[in-house]
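Quick notes on the structure that follows.
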């Protein structure tokens, strides 16, 4: 999983190297300075839609900002719009998806989860569902819990 504290420290360090205030970074990105403060303190992560602009402003790559190769690659493919293909080709696991989920939108996590388990429903387990539960809708989770219960009968 992305270490929000490490990501926050990296954002703060790179922002300071650019001699920018939190307010200046926030204004450029169209977010509140409180959002930037929360990122830097490790309380939250930047929205996936802001990552390309953020890394461009900070002069780094998504991979170097997030520091997790597989998860970072998944996020980059979500931004490019070819994540489903990446998930299939790279055989991305539920664990990897769960690690990337904090920066994904719930619908993105749900779509990718469907892709990950579509051909491997028999491998789905309670631990996997628990790992993505905070990042998906209640309806989505309920569907897969029922499916899991049916698969284990």
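Bear in mind that the values in this text are calculations on the coordinates, not laboratory data. All of these numbers come straight from a predicted model, not from anything done at the bench. Positions of Cβ are backbone-derived with ideal geometry, glycine not excepted, and every protein chain shown enters the neighbour counts.
Just a yes or no: is a residue in region 110-117 part of a loop (DSSP other than H, G, I, E, B) and more than 13 Å from the chain's Cα centre (by Cα)?
no
Which fully enclosed helices (runs of 4 or more DSSP H) of region 1-67 have 2 or more residues being in contact (Cβ under 8 Å) with a residue 24 or more places away in the chain and out of contact with any helix residue (DSSP H, G or I) (no Cβ under 8 Å at 6 or more places or on another chain)?
Hits in region 1-67: 4-17.
Return the residues of region 100-109 that are closer than 12 Å to residue 78 by Cα, within 10 Å of the chain's Cα centre (by Cα) and part of a helix (DSSP H, G or I); say none if nothing qualifies.
Of everything in region 100-109, those that are closer than 12 Å to residue 78 by Cα, within 10 Å of the chain's Cα centre (by Cα) and part of a helix (DSSP H, G or I) turn out to be 100, 101, 103, 108, 109.
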